[in-house]
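A.B. asks: Right, I'll just put the structure down here and ask away after.
The values are calculated or read from the model by the stated rules, or taken from the named source; none is laboratory data. Treat the numbers as computed from the prediction; the structure is a model and nothing was measured. FYI the Cβ positions are ideal-geometry reconstructions off the backbone, even for glycines, and counts take in every protein chain you see. Keep in mind that these areas ignore ligands, DNA and RNA; they rest on the heavy atoms of the full protein, side chains included. Shrake-Rupley method; radii C 1.70, N 1.55, O 1.52, S 1.80 Å.
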Amino acid sequence: MGKYGLIDLEKHFAFYGAYHSNSINILIHMIFVWPIFFTACLILYFTPPLFSLPQVQLSLFGYGVVLFFNVGFFLVLIYALFYICLDPKAGSLAALLCAFCWVASSLVAGWLGFSLAWKVVLVAQIVCWTGQFIGHGVFEKRAPALLDNLIQAFIMAPFFVLLEALQTSFGYEPYPGFHASVQAKIDAEIKEWREKKLKLLS
């Protein structure tokens, strides 16, 4: 159930949740986080294959797709496996979304070519990151999690917004009492942060 060490789901979710407690900021992240992941996969499509691994050719909707086992693939694989370790059910769904992003971004990359793809990625990343910083500055009134723990914030963001959506829409939780336990940790962390902030201002 993701209870210990690296795969402690409550710990990771509480860390990220402490920086995303405002409902509007959460919604903003739900809109922008997965496009950031998708466009990252899109630009990484153009990295060379690793270890001389063969490419895979598929046909989707009448269009040919060439899949490379490159940096983009292994990044997606790491994300997918980590999410499954955190929670087999929601993590499997997140892993499928990661795989979809890899295949779909490969299709789009093939259409666009590098000369256009990098421009699309640049615009999308600027828009998505700007939206998230506005969410933190205007609504959350707290700096993003990436300023405190860059790697953890980047890895957890896609899974966090998915788990948040599943909980909000379907009442899903990885195991009974999960959300109550996580919310207690989030409340305690936010209280501690506010106390530290008041001390700095006084």
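A.B. asks: Have a look at S52, S106, S92 and tell me which one the Gaussian network model of the chain (Cα, springs below 10 Å) gives the largest fluctuation.
C.D. replies: Most flexible of the set in this elastic network: S52.
A.B. asks: Follow-up question, since we're still on this one. Apply the Kirkwood formula to the stretch 74-159: the hydrodynamic radius equals the inverse of the mean of 1/r over all pairs of different alpha-carbon atoms; give it in Å with one decimal.
C.D. replies: With all distinct Cα pairs of the stretch 74-159 included, I get 14.8 Å.
A.B. asks: When the accessible area of the stretch 50-109 is split by element with a 1.4 Å probe, what percent falls to carbon and sulfur?
C.D. replies: The C+S portion of the solvent-accessible surface of the stretch 50-109 is 78 percent.
A.B. asks: Taking θ as phi - 60°, what are the ³J(HN,Hα) couplings along the stretch 21-26 by the Karplus curve (6.51, -1.76, 1.60), each to the nearest whole Hz, with x for Gly and Pro?
C.D. replies: 9, 7, 4, 6, 5, 4
A.B. asks: If a/c stays under 1.5 just call it rounded; otherwise compare a/b with b/c (prolate if a/b is bigger, oblate if not). Do that for the stretch 101-202, with a ≥ b ≥ c from the square roots of the Cα gyration tensor eigenvalues.
C.D. replies: Oblate shape, in that a/c is at least 1.5 and b/c is the bigger or equal ratio.
A.B. asks: Here is a further query. Roughly how many Å² is the accessible area per residue of the stretch 83-197, as a whole number, for a 1.4 Å probe?
C.D. replies: 52
A.B. asks: Measure nothing but the geometry: give the 0 to 90° angle between the long axis through the Cα atoms of 178-201 and the longest principal axis through the Cα atoms of the chain, rounded to 10°.
C.D. replies: Between the helix axis and the principal axis of the chain, the angle is about 70 degrees.
A.B. asks: Let me see the pair-distance distribution of the chain: every alpha carbon pair, 5 Å bin width, integer percents in order.
C.D. replies: Histogramming the chain at 5 Å steps yields 1, 7, 14, 18, 18, 15, 11, 8, 5, 2, 1, 0, 0 percent.
A.B. asks: Mind putting a number on the dipole of the chain about its Cα centre? Charges go on the C-beta only, +1 for Lys and Arg and -1 for Asp and Glu, and I need it in Debye to the nearest 20. Before the final figure, lay out the partial values.
C.D. replies: Numbers: 12 positive and 11 negative charges, 69 e Å.
The dipole of the chain has a size of about 340 debye.
A.B. asks: Something else now. Can you tell me the relative contact order of the stretch 25-153? Whole percent, Cα pairs under 8 Å, sequence separation 6 or more.
C.D. replies: Relative contact order for the stretch 25-153 comes out at 31 percent.
A.B. asks: Under 16 Å Cα-Cα from K199, which lysines qualify once same-chain neighbours fewer than 8 residues away are excluded?
C.D. replies: Straight-line reach from K199, under 16 Å: K191.
A.B. asks: Additional query: What is the percent carbon and sulfur in the accessible area of the stretch 132-174, measuring with a 1.4 Å probe over the protein chains and ignoring ligands?
C.D. replies: Carbon and sulfur atoms account for 67 percent of the accessible area of the stretch 132-174.
A.B. asks: Sorted by mean Cβ packing within 10 Å, highest first, what order do the peptides 43-49, 120-126 take? Numbers along the way, then the final one.
C.D. replies: Values: 43-49: 16.7, 120-126: 15.0.
So the peptides 43-49, 120-126, ranked by packing, come out 43-49, 120-126.
A.B. asks: Further question: Which residues' amide hydrogens lie under 5 Å from the amide hydrogen of L67, considering only partners 5 or more residues apart or on another chain, with H built in the peptide plane?
C.D. replies: Distant-sequence amide H within range of L67: V56, Q57, L58.
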